[in-house]
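The block underneath contains the structure these notes are about, expressed in structure tokens.
The values are calculated or read from the model by the stated rules, or taken from the named source; none is laboratory data. If you're wondering where the values come from, they're calculated on a predicted model, not measured in any experiment. FYI the Cβ positions are ideal-geometry reconstructions off the backbone, even for glycines, and counts take in every protein chain you see.
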Amino acid sequence: MSEQLPEVTSFLEAREKSPAVWHEQSEVSSAMIEIAESVGELTGTWNPVEIYTPSPESLKQEKEKFLEAFNRGQAHEPVFDYQVARGMDIAPQKEELAKKLAEVRAIKPRSQKDRLFRVALYTKIRDDLATCDLVDGINTKDESLIGSAMRQKYQPANPVLAAYAEQAYRDMIDGPAPKEIDPNQVLLTPKQQKLLKAAKLDAPQIKEAFEWALQQYGILRNEANSKGYQVVISDKATAIDVRDKSEDPMTVYIPTDRVVSGDKMGELIAHEIEGHARQSMNGMEMFLLGGGKLKMDGEALYEGLAKREDESYRLRFFGEASGVPAPWYTLAAQDASEGASFSEVFQNQYIRRMRVLLKVPPEQELHIDPEKHAEQADKAKKLAWATTYRVMRGHADMSNPLGFAMSKDIGYLQGWATDKQLGEAGYGGINEMAVIQSGGLQMLARLGVNEKDVPHKYKDVVKEYILTVLLPRLESEPQQPAGETLEGNSHSYTQS
């Protein structure tokens, strides 16, 4: 990026002026730690994504209605059913959180470390109170309450990020500049790459791989270790997901029917375990408030680290440059924040997608032939729907009269850019310490923490898994014709 993001600039300025508070001998007030732990017990099962995501039935029905209307040239604003929010009674917790907030206000810090923890705890409780407002707003269809809660929890795109998203969109039309990659730097031979991409691993095998990777970091929760993550295969899961806060906290969920290729398995270990799980455990152990039940819900930097691991894996093992995260969520959220309705956000997304698919720059007129471009149009509609519904989740009124978006998903681009700029400034290790919101960067700067302070340092577990576990297993299996299943002692790999 040519221009530095404001949160990175603020971090660097604060870092330059701050003493190394983290290494002082003073301890954080036991009273504040007790409050933090009680807050974790109150809200540790709340996952806001579950709260503002429509029920699968509602999503399916409204998608069909919407696309049918769109194909007829009509606008239809969906009405979603937020089943999880409807089933929540958070009044007692909300009252208790308000009391805890007052208790935090009343505490007089005894040291700089105490003072910074107090700010972080105050912010955490405010974040949980925003979740309460979100539930209340959805259930009473109060757009004002929903909007204020969303803005409290997730930062909107700043002008620098919005401009970057627009440029990334134009680059998708023009095509990115080719990147030269030295094949001698790639860890796998072409034959090994082909073998990995052909292999298929089912849910039990994914579970086994995740547990192996978590074990390498000492963060697999089992009978011998009470701290860390368990791995669960679930019929309720719709995606592979590391959840610090849910019905069953600190769990990595795998859908029952999920099947991934061997190369994707490596990427998942890099992203979910070496990125998400490790970062969260570091935050929980270093700051208490940086992961686990007390994790903040803004996840831009969380996704930024995971994207860093994705890129490194693809580049080192396959010589593939994954490039900039797609700008779609940021562009859609920007439209919504300017007052666009669901149907208007969708229309803008559809046109932008068609321009990319047909390679038509914004300054040129776009002609869509219903017959000639039927395949591209169908693809653009599906993609536009997926993006639009995600940034409009939580709304009770999809006409969006108050002009706001569910901005969590801009975190993929924002987090990637922030992490990249921190790394370029020599502070990449900062983003491995905790799951923090952008404002938390200044707090870490003021604490004076260093890379050497991280309890679970990066081990490149994915390299060990690919080279010493998965590839030897695959190479020992007899190769079968496409579509047949290879039966091992306890594993099966379908070649495709």
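Listed by first and then second residue, the pairs with beta-carbon distance under 6 Å, at least 6 apart or on different chains, first residue in segment 243-265 and closer than 23 Å to Ala85 by Cα, second among the hydroxyl-bearing types (Ser, Thr, Tyr) and assigned to a strand (DSSP E or B), are Arg243/Thr251; Met250/Tyr229; Val252/Tyr229; Tyr253/Ser234.
Rundown of residues vs (1) aliphatic (A, V, I, L, M); (2) modelled with pLDDT under 85; (3) crowded, with 18+ Cβ neighbours inside 10 Å, yes/no style:
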| site | (1), (2), (3) |
| --- | --- |
| Glu303 | no, no, yes |
| Glu309 | no, no, yes |
| Arg314 | no, no, yes |
| Ala321 | yes, yes, no |
| Val324 | yes, yes, yes |
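Among the numbered conditions (1) exposed (fewer than 14 other Cβ atoms within 10 Å of the Cβ); (2) under 30 Å from Pro478 (Cβ atoms); (3) at pLDDT below 95, the only one that Lys194 does not meet is (3). Residues in segment 217-270 that are of a type outside the set (A, V, I, L, M, F, W, C) and touching a His at 6+ places or on another chain (Cβ under 7 Å): Tyr217 only. Select from segment 208-262 the residues that are part of a strand (DSSP E or B), among the charged types (D, E, K, R) and surrounded by 18 or more Cβ atoms within 10 Å (Cβ to Cβ) and list them in ascending order. The answer is Arg243, and nothing else. Out of curiosity, is Ala157 buried (at least 20 other Cβ atoms within 10 Å of the Cβ) and modelled with pLDDT under 95? Here the answer is yes, as Ala157 does meet what is asked. Test Ser29 against the criterion of being among the hydroxyl-bearing types (Ser, Thr, Tyr), surrounded by 15 or more Cβ atoms within 10 Å (Cβ to Cβ) and out of contact with any Pro (no Cβ under 8 Å at 6 or more places or on another chain), and give yes or no. The answer is no for Ser29. Looking at segment 364-384, is at least one residue modelled with pLDDT of 95 or more, aliphatic (A, V, I, L, M) and closer than 13 Å to Arg170 by Cα? Scanning segment 364-384, I find no residue that is modelled with pLDDT of 95 or more, aliphatic (A, V, I, L, M) and closer than 13 Å to Arg170 by Cα, so the answer is no.
As for segment 49-66, it holds at least one residue that is touching a residue at least 60 places away in the same chain (Cβ under 8 Å) and under 20 Å from Gly283 (Cβ atoms). The residue pairs whose first member lies in segment 392-416 and is touching a residue at least 40 places away in the same chain (Cβ under 8 Å) and on the phi > 0 side of the Ramachandran plot, whose second member is hydroxyl-bearing (Ser, Thr, Tyr) and assigned to a loop (DSSP other than H, G, I, E, B), and whose beta carbons are closer than 9 Å, counting only pairs six or more residues apart or on different chains, are Gly394/Thr53; Gly394/Tyr82; Asn400/Ser341. For first residues located in segment 139-155 and outside any helix (DSSP H, G or I), partners that are of a type in the set (Asp, Glu) and at pLDDT below 95 and lie 6+ apart or on another chain with Cβ distances below 8 Å form the pairs Tyr154/Asp297. Is there a residue being under 11 Å from Val435 (Cβ atoms) and among the hydroxyl-bearing types (Ser, Thr, Tyr) anywhere in segment 230-237? No, the conditions are met nowhere in segment 230-237. Summed over segment 187-207, the residues that are in a helix (DSSP H, G or I) and either touching an Asp or Glu at 6+ places or on another chain (Cβ under 8 Å) or in contact (Cβ under 8 Å) with a residue 24 or more places away in the chain (or both) give a count of 11.
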